[in-house]
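Student: The structure that follows is given in the form of C-alpha cells.
The values are calculated or read from the model by the stated rules, or taken from the named source; none is laboratory data. The model shown is predicted, which means the values in this text are computed figures rather than measured ones. Please note: Cβ atoms are built from the backbone with ideal geometry, for glycine as well, and neighbour counts cover all protein chains shown. Each accessible area value is taken on the protein alone, full model and side chains, heavy atoms only, with ligands, DNA and RNA left out. Shrake-Rupley method; radii C 1.70, N 1.55, O 1.52, S 1.80 Å.
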Amino acid sequence: KVEWFCFPNGTAELKYCHRRPRTKSHVFALFADGSPLRGVVLTFYRAAVSPAHDEKKKKKTLWVPVALCLLTRLSIVPALEAWLEQLARLLDVAEAKDRVLAAAIQLA
C-alpha cells in the first residue's frame with residue numbers, strides 16, 4: 001500500500017508549537033514486474049486552528065501533517081520534488097487568503 005510510504009513512521013504526527021514545523025520530503029522505490037515505481041512525498045503542516053486566533057501569540061497552534069505523493073516510473077524525481085514544493089507554497093498562499101477573508105467577514 002502506497003499510503004504506508006507517505007508516513008513511514010507509521011502514523012501522522014500532530015505537533016503543538018508556535019511556528020509551523022518544517023516541510024520535509026522523501027523518496028521511495030517499489031520493485032515489482034519490470035522498472036521500479038518511484039514515489040516522491042512532500043510532508044508539510046497546516047494549522048488545525050487558525051493562528052489568527054492567537055492574539056497574544058503565547059498559545060501554541062495544533063499543526064496537522066499533509067502528505068502529497070507523486071508516483072512515476074520515469075527518472076524525474078528531482079523535478080517532482082520541486083513541483084511538490086511549489087504546490088505546497090501555493091496551498092499556503094491560498095490558506096493565508098482564506099484566513100484574511102474570514103477575518104474580514106468577522107469584522108463586517
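Student: Quick one: accessible surface of GLU85, probe radius 1.4 Å, all protein chains present, in square angstrom to the nearest 10.
Tutor: Here the residue's solvent-accessible area equals roughly 70 Å².
Student: Here's something else I'd like to know. Going by alpha carbons, how many degrees (0 to 90, nearest 10) lie between the helix axis of 77-107 and the longest principal axis of the chain?
Tutor: That helix lies at roughly 20 degrees to the long axis.
Student: Now a separate question. Lysine pairs in the chain with alpha-carbon atoms under 19 Å apart, 8 or more places apart or on different chains: how many are there? Mind dumping the intermediate values first?
Tutor: Details: LYS15/LYS24; LYS15/LYS57; LYS15/LYS58; LYS15/LYS59; LYS15/LYS60.
The number of close lysine pairs in the chain is 5.
Student: Take peptides 21-32, 59-70 and line them up by average Cβ neighbours within 10 Å, highest first, as a rough protection proxy. Could the numbers behind the result be given before it?
Tutor: Values: 21-32: 12.3, 59-70: 16.0.
Highest to lowest by the protection proxy: 59-70, 21-32.
Student: To continue, here is another question. For the range 1-29 and the range 83-108, write down the distance between their C-alpha centroids in whole Å.
Tutor: 22
Student: Now, a different point. Quick one: work out Rg over Rh on the C-alpha atoms of the chain, Rh as Kirkwood radius. Write down the numbers at each step before the final one.
Tutor: Details: Rg = 17.2 Å, Rh = 15.8 Å.
The Rg/Rh ratio comes out at 1.09.
Student: Sticking with this structure for a sec: Would you kindly derive the ³J(HN,Hα) couplings of the range 37-45 from the backbone phi angles with the Karplus curve 6.51 cos²θ - 1.76 cosθ + 1.60 (θ = phi - 60°), listing them in order in whole Hz, with x for Gly and Pro?
Tutor: Couplings: 9, 9, x, 10, 10, 10, 10, 10, 10 Hz.
Student: Under the rule of at least 5 residues apart or a separate chain, name every residue whose amide H is placed under 5 Å from the amide H of ILE76.
Tutor: Amide H to amide H, under 5 Å and 5 or more residues apart or across chains, ILE76 pairs with nothing.
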